[in-house]
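Take a look at the structure below.
The values are calculated or read from the model by the stated rules, or taken from the named source; none is laboratory data. It should be emphasised that the depicted structure is a prediction, and the values quoted were computed from it without experimental measurement. FYI the Cβ positions are ideal-geometry reconstructions off the backbone, even for glycines, and counts take in every protein chain you see. For accessibility, only protein heavy atoms count, side chains too; no ligands or nucleic acids. Shrake-Rupley method; radii C 1.70, N 1.55, O 1.52, S 1.80 Å.
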There are 4 protein chains.
Amino acid sequence: MIIVMRSGASSEQVEKVIDRVHSFGLRTHPIYGVTKTVIGIIGDDKTRVVEKMRGMPGVEDIIPILQPYKFAGREAHPENTVIELEGVKIGTDTVVVIAGPCAVESEEMLLETARSVRKSGAGVLRGGAYKPRTSPYSFQGLGEEALQFLARAREETGLPIITEVTDPRNVELVCRYADILQVGARNMQNFVLLTEVGKSGHPVMLKRGPSSTIKDLLLAAEYVIIEGNRDVLLCERGVTTFETYTRNTLDLSAVPVLKELSHLPVIVDPAHATGRNSLVEPMALAAVAAGADGIMVEVHPDPDAALCDGQQALALDEFERMMGKVKAIAEIVGRNL
Amino acid sequence: MIIVMRSGASSEQVEKVIDRVHSFGLRTHPIYGVTKTVIGIIGDDKTRVVEKMRGMPGVEDIIPILQPYKFAGREAHPENTVIELEGVKIGTDTVVVIAGPCAVESEEMLLETARSVRKSGAGVLRGGAYKPRTSPYSFQGLGEEALQFLARAREETGLPIITEVTDPRNVELVCRYADILQVGARNMQNFVLLTEVGKSGHPVMLKRGPSSTIKDLLLAAEYVIIEGNRDVLLCERGVTTFETYTRNTLDLSAVPVLKELSHLPVIVDPAHATGRNSLVEPMALAAVAAGADGIMVEVHPDPDAALCDGQQALALDEFERMMGKVKAIAEIVGRNL
Amino acid sequence: MIIVMRSGASSEQVEKVIDRVHSFGLRTHPIYGVTKTVIGIIGDDKTRVVEKMRGMPGVEDIIPILQPYKFAGREAHPENTVIELEGVKIGTDTVVVIAGPCAVESEEMLLETARSVRKSGAGVLRGGAYKPRTSPYSFQGLGEEALQFLARAREETGLPIITEVTDPRNVELVCRYADILQVGARNMQNFVLLTEVGKSGHPVMLKRGPSSTIKDLLLAAEYVIIEGNRDVLLCERGVTTFETYTRNTLDLSAVPVLKELSHLPVIVDPAHATGRNSLVEPMALAAVAAGADGIMVEVHPDPDAALCDGQQALALDEFERMMGKVKAIAEIVGRNL
Amino acid sequence: MIIVMRSGASSEQVEKVIDRVHSFGLRTHPIYGVTKTVIGIIGDDKTRVVEKMRGMPGVEDIIPILQPYKFAGREAHPENTVIELEGVKIGTDTVVVIAGPCAVESEEMLLETARSVRKSGAGVLRGGAYKPRTSPYSFQGLGEEALQFLARAREETGLPIITEVTDPRNVELVCRYADILQVGARNMQNFVLLTEVGKSGHPVMLKRGPSSTIKDLLLAAEYVIIEGNRDVLLCERGVTTFETYTRNTLDLSAVPVLKELSHLPVIVDPAHATGRNSLVEPMALAAVAAGADGIMVEVHPDPDAALCDGQQALALDEFERMMGKVKAIAEIVGRNL
């Protein structure tokens, strides 16, 4: 860390700051510049204790030099993390496509969707059993019944399953059915839930919170990893901005940034970000071109009749058509499907 | 609701849309304009079913006319909600000041703070037992021990207590000690937790999520209220913006807006919004001038030594000085302390 | 337009509103719903006069139905606008690549860059003569001398030229040298400048302002078009958000949205949006995958020595390598280079 | 400045960076930490040259230590700047109220407003002659005729006049009539205009751009000051956020922040920020409580009939009522009216 003193700081103030740092067992290295004094701190990372010195007289700023996350960062783990499920690996040269309905509505619709997306090349089946909704008056999901439908769809199609968990008390139950646990954007900083999914040992897909920075997302991953669970997927799904035409603003530059900063696989969800069916394909293709390890798409046999987010789901044939282009673009950026 | 058809929409498309609306048991009232056709929908609010028509051919937009929240809105409940605790009422002409340390660090520091803020005119004691922190490496609170300290402080000072609950499994435990449950900003859309605190029957203070609109906040309150718990306080604590000098941007205009739209009391937390000690007093005074029903302030006997957010806490004497001005401004806007 | 009355509005208030609308020579079509009354307005678009009724007693909201722009929208002009310059057409199946240095620093560096990017397949040469900079202490450009260098580069390479104009008094001068005038993001709502470049008759590339919505961008284009100048290119270059790792957040979903709403060509500038060299290629590829009509890239013979934004420029060989992938992706989405 | 090297940077890379810094005539002071090497730079501020080293191998970050503005900062000028006009001083203990219509519509309405606001205690008369509007179809102002009306209103009431200038070619003309030139939010980074108003010698009120940080605002002020014109007023008028209920989000914490960082007077415009008449008074009172040196309010004899922004204007009697409270709050924070 580096402590920047104000330009008018007295030498007494500088000394007091140095003494305080020493009291934490850290060494200092002051630089007396023309206008300002800057104090470098040497020793183990003690961000927490030094941060508290912000209020001291003469202190202008405290600048951290080390990244605040350890296990989620590429510095600690230079090679890509690969998550291995039965039948599919995530984080390799193969771009993984996660597809299925926003919410599981019935066994038939789920099976029909699962069969179709499998045929079109999807690698993982998604389907919501517990739906966090902004309004209490919206459809909240079928719960455990939906989990059972998902398990049957896996049995029939062989596709591993991802579904969202919203309640720490449900983690065990959801683990009985799902291959990957999804933590939704609004729960990205639900630290109680992060700890619980971390303990579960199941792979976890963490959706970026709508106002979470890339650093916040990596710190949320850190919460999962420090429980001993390194199988974390990061998912960009749009951030909150002033633009109202799309539901959120998809931050595709987060893809190469996350690949630089972290070893964890990066998935993009173009549907939730944009909220509009017609934008799903262009944004899915763009995500693969930008280097995503996978995409997650909502597919529904009859989007107009969907109980949840039908306006952003693809029909089965639309999905199939898109997959041809996804494959072609993956190859241009040195990947495959 | 109103459905706006595209300018080139065919009369066949218009008819299909009308038929679909009728199939939901709703009446329609089309207006054939010069450029566009607009279809008014009459009947009970069926936002959910009509929303799903967004994908239909020819539909340009679907515009809700009714507010999406029912019980949190002033239309349904024109008079101010008053929350009565032993010794203090919130939502009346009296501005309530909630004060105490960010985190409860020890019994002594809590008692010292409680006595002092009580003397300075605070009406409620705050203190964190469970701290949600962006980094897993930050201090996470003392847990139940802190709750016990809080209970003793209430015993001694008579001040009712507010503390944050982060885990649905802890709601019952926290209710044994606290008078008001706080739901933090990052949990504002943790619907599982909202439902649980709703069932508890305890008054709940809901902090606005950093990227939540005013409408989202009222919908979160709705989650609590539909469990039968009308005692909800709304708390503005800053929203996420591009400005980095302050931690968040305090949206003080949300105060009069919330007072217009809702009957629930509105509290302002100037410390978390700004993250800087020197901004707490000016923003606290501004909050009262803007019509807030209360303010929430972090006070610490020794801010420099605080284990959590010391840089935004007031010292005991700073708090006392501020309270004189708070009182004077309250009187000018027709309130008291 | 539609006027929504408050739920408690009296029939007298409704009548007064209707009378006011009639006084503007417009017809009304009220819908008396269960909870609220809604008044449809029929006639020519008189947004301006009706907007002023917002303050009237009983009025809750006024909702425009027609888009506020006329000539920039696809409704008025369903076919794509094609901008024809000597040697290049913009807005066709061919993806146009605009390349060159951020600022023109000398004749030699410009010529070297121009020859190289032309060889790699660029269609237009860019180079800044007048640089708007956040700090008055940053390099502000060489002015007319740079324009002369650009003209010589065009002579030698045949590449048409785009350069920024910042001062309405300079429009005539810049037109003497440049083929396309660029209006920078910070001037997107400099309506005086928009009017002047509109009058110039030269094609204009309008960069989206950092906090401008898609609608604002189209309204800015409207300012240019109503001067009789339909040759407007729209450029997405990132919007202001809370994320600080990248300079701005590139809003790639704006590309398909703008293609839906407008007939004007859409260009993407991945360098200014991200501010980081390593993100330029992935975002350029993503832009083409998302359907952009062109991309604009900063290229410099020696990025480390650049006088302006070197950290986001590509070296000549990096640009060449990228162009191969750009071409391949263009073909997958049905375009060419 | 401080250069932070990556954790894996080789000693050769460190040396090359140090050599480059020396080549600029600056001294270095490296700190070899446990994980990372950090290079302090000593000498005159050469932000521009050092910034260009961002691309060098091994460099992780370059952190400026000095503020990028010199003359706008309080470090260079610890005492408050006071702007003296005939009859009024801005930047003293007296809170200045700037009032008048959004746009000058006619001589009579302006005179009526001027007389009334003067009687209620306003210190400066505002009125728009040139209106920058998002839509080209909105009312754009009366131009020079409006300036003549303003001059007559000053003659009659003695109130100094502020009006917006949008075109560098008009600065001289506007200076003939106005006492203070206003640069609008959308022109805050119109550097051509900033330079021109800087040269004019007239006091300039600079409105914060909707996506401009506090630092950007001070850099814009720097553009004016380096032309020799130190009489700059800063105006907070709301920033762009995701909240749509208000037009912008008024950032009142910017008031104490600007007072800390700068010596320039700070004005708050509550009407443009919120876009709603009912929010003007609470936000005006909050601004004064937060320490603003002045407020700017739109007042109109008949807001319902206003040609511009009527929904956010106060009627004459509403303004008068508000002024009583403004005065009372000013006194509590140690000011007067």
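The rows are residues; the columns are (1) in the same structural domain as A:I214 (by TED's automatic domain parsing); (2) of a type outside the set (K, R); (3) within 20 Å of A:A315 (Cβ to Cβ).
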position: A:H77; (1), (2), (3): no, yes, no
position: A:D93; (1), (2), (3): yes, yes, no
position: A:V96; (1), (2), (3): yes, yes, no
position: A:S106; (1), (2), (3): yes, yes, yes
position: A:E112; (1), (2), (3): yes, yes, yes
position: A:S116; (1), (2), (3): yes, yes, yes
position: A:S120; (1), (2), (3): yes, yes, yes
Hey, any hits in segment C:316-337 for a residue that's in contact with a Lys or Arg (Cβ under 7 Å, 6 or more places away or on another chain), over 26 Å from C:L194 (Cα atoms) and more than 12 Å from chain A (Cβ to nearest Cβ)?
-> yes
Could you say whether any residue in segment A:93-111 is at pLDDT below 90, farther than 30 Å from A:L307 by Cβ and hydroxyl-bearing (S, T, Y)?
-> no
When you go through B:R133, B:R176 one by one, which is the residue that is more than 10 Å from chain A (Cβ to nearest Cβ) and open to solvent by 20 Å² or more (accessible area, probe 1.4 Å)?
-> B:R176
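Return yes or no: is C:D251 closer than 24 Å to A:K325 by Cβ and acidic (D, E)?
Numbers: closer than 24 Å to A:K325 by Cβ: yes; acidic (D, E): yes.
Considered against the rule, which asks whether it is closer than 24 Å to A:K325 by Cβ and acidic (D, E), C:D251 comes out as yes.
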If the Cβ limit is 8 Å and pairs must be 6+ apart or interchain, which residue in segment A:78-102 that is touching a residue at least 24 places away in the same chain (Cβ under 8 Å) pairs with which residue that is open to solvent by 30 Å² or more (accessible area, probe 1.4 Å) and among the small types (G, A, S)?
-> A:E86/A:G158; A:G87/A:G158; A:D93/A:G334; A:V97/A:G121
May I ask you to list pairs of residues, at least six apart or on different chains, whose Cβ atoms are under 6 Å apart, with the first in segment A:178-197 being farther than 21 Å from A:V268 by Cβ and the second being assigned to a loop (DSSP other than H, G, I, E, B) and open to solvent by less than 10 Å² (accessible area, probe 1.4 Å)?
-> A:N190/B:N190
Looking only at segment D:240-274, which residues are in a helix (DSSP H, G or I) and of a type outside the set (V, I, T)?
-> D:A254, D:P256, D:L258, D:K259, D:E260, D:L261, D:P270, D:A271, D:H272, D:A273
Looking at this structure, is C:K70 free of Cβ contacts under 8 Å to residues at least 24 places away in the same chain and among the charged types (D, E, K, R)?
-> no
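Going through D:A273, D:A289, D:A254 one at a time, which residue ends up being small (G, A, S) and under 28 Å from D:L110 (Cα atoms)?
After applying the criteria, what remains is D:A273.
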Would you mind stating whether D:E331 is over 15 Å from D:I98 (Cα atoms), in contact (Cβ under 8 Å) with a residue 60 or more places away in the chain and part of a helix (DSSP H, G or I)?
-> no
Those residues of segment A:276-289 that are at the interface with chain C (Cβ under 10 Å from one of its Cβ atoms) and open to solvent by 10 Å² or more (accessible area, probe 1.4 Å) come to a total of 4
Only residues that are buried (at least 24 other Cβ atoms within 10 Å of the Cβ) and either over 16 Å from the mean Cα position of the chain (by Cα) or not β-branched (V, I, T) (or both): list them for segment B:254-271, please.
-> B:A254, B:L258, B:S262, B:L264, B:P265, B:D269, B:P270, B:A271
When every residue in segment B:142-168 that is crowded, with 23+ Cβ neighbours inside 10 Å and in contact (Cβ under 8 Å) with a residue 60 or more places away in the chain is compared, the one farthest from the other protein chains (Cβ to nearest Cβ) is B:L159
For segment A:233-247, state whether one or more residues are open to solvent by less than 10 Å² (accessible area, probe 1.4 Å), among the polar types (S, T, N, Q) and under 22 Å from C:M283 (Cβ atoms).
-> yes
Mind checking whether some residue in segment A:193-208 is away from every other protein chain (no Cβ under 14 Å), at pLDDT below 95, open to solvent by 10 Å² or more (accessible area, probe 1.4 Å) and in contact with a Gly (Cβ under 9 Å, 6 or more places away or on another chain)?
-> yes
